[in-house]
Amino acid sequence: MKQSVKFFLVTVFFLFVLASCDYVREIFSFGKPELTFKASPASETNPNDTILFTGNDIKWINGTTGEICFVNSLTISKIKSYHRIRCYLGTDSLFSATVTLPAVSPIINDLVMNLNLNDGHFYFEDGYPDWIDNLGTNSIRIQNKQKRAAAWNRFIDELKKEDKYIEK
C-alpha cells in the first residue's frame, strides 16, 4: 500500500513539473507556439516576469488604429499596474512596449501600449504622446519601428493565423 501511494505521489509530482515547463507545453500544443505577454512593474522585463495575458485573451487587434480589444475587460485594469510588457511567440521574444497612461507618462520614442481615456481601450503606438511632430522625434520613432519590423510582422502573421487581426 505504501509503495503504491509513493508511486502515485512521485508520478503526480513529475507530471506537475513537466506541465509547468514551457518546452513541454509547446510539445503538447502540437508545436504551435502561443502568444504570451509578460509584464514587469520595473522599466526592464525578463523571461521570469508575470504572464499578464496570452493570445487567447485577445479578441482582435486593429491594424489601422493599433487598438487591442480583449475578451475580458478586466485585462485592461491588470495592464494598468505594469510599466513594461514583452511579447513572446512561444519562447521567442518579439518586442517590448512601455505601458503609458495619460497625464502620468513621459515622452517615449519607442513602442507603447497606450490607454486612451476617450474609450478606455489600449492602443499600440510608435511613441507617446502621438501628437508630437518634430523631425528629431519622428526620425527616432521611425528608426525604432524599422528595428522591430521583422518581429512585429511575425506578431501580425500569428494574429492573422488566429483570425484576430482586422483593418478598419
* To do: Could you give me the residue pairs with C-beta distances under 6 Å whose first residue belongs to the stretch 143-168 and is free of Cβ contacts under 8 Å to residues at least 60 places away in the same chain, whose second residue is in a loop (DSSP other than H, G, I, E, B) wherever it lies, and which are 6+ apart or on separate chains?
  => N144/D110; K145/D126
* Subset tally (residues that are farther than 25 Å from S81 by Cα and open to solvent by 100 Å² or more (accessible area, probe 1.4 Å)) for the stretch 129-142 -> 2
* To do: Return yes when I51 is open to solvent by 50 Å² or more (accessible area, probe 1.4 Å), part of a strand (DSSP E or B) and at pLDDT below 95 and no when it is not.
  => yes
* Asked: Is it true that Y123 is touching a helix residue (DSSP H, G or I) at 6+ places or on another chain (Cβ under 7 Å) and under 18 Å from K59 (Cα atoms)?
  -> no
* Pairs where the first residue, in the stretch 85-109, is on the phi > 0 side of the Ramachandran plot and the second is of a type outside the set (A, V, I, L, M, F, W, C), C-beta under 6 Å, 6+ apart -> G90/E26; G90/P33
* Single unsatisfied condition, K59 versus (1) under 20 Å from D110 (Cα atoms); (2) over 12 Å from the mean Cα position of the chain (by Cα) -> (1)
* Asked: Among the residues of the stretch 59-76, is there at least one that is modelled with pLDDT under 90, surrounded by fewer than 16 Cβ atoms within 10 Å (Cβ to Cβ) and out of contact with any helix residue (DSSP H, G or I) (no Cβ under 9 Å at 6 or more places or on another chain)?
  -> yes
* Asked: Of all residues in the stretch 92-128 being closer than 14 Å to I140 by Cβ and of a type in the set (A, V, I, L, M), which is most open to solvent (accessible area, probe 1.4 Å)?
  -> I107
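The values are calculated or read from the model by the stated rules, or taken from the named source; none is laboratory data. Values in this document were obtained by computation on a predicted structure and should not be read as measured data. No Cβ is skipped: glycine too gets one built from the backbone with ideal geometry, and neighbour counts run over all protein chains shown. The area values use the complete protein model at the heavy-atom level, side chains included, leaving out ligands, DNA and RNA. Shrake-Rupley method; radii C 1.70, N 1.55, O 1.52, S 1.80 Å.
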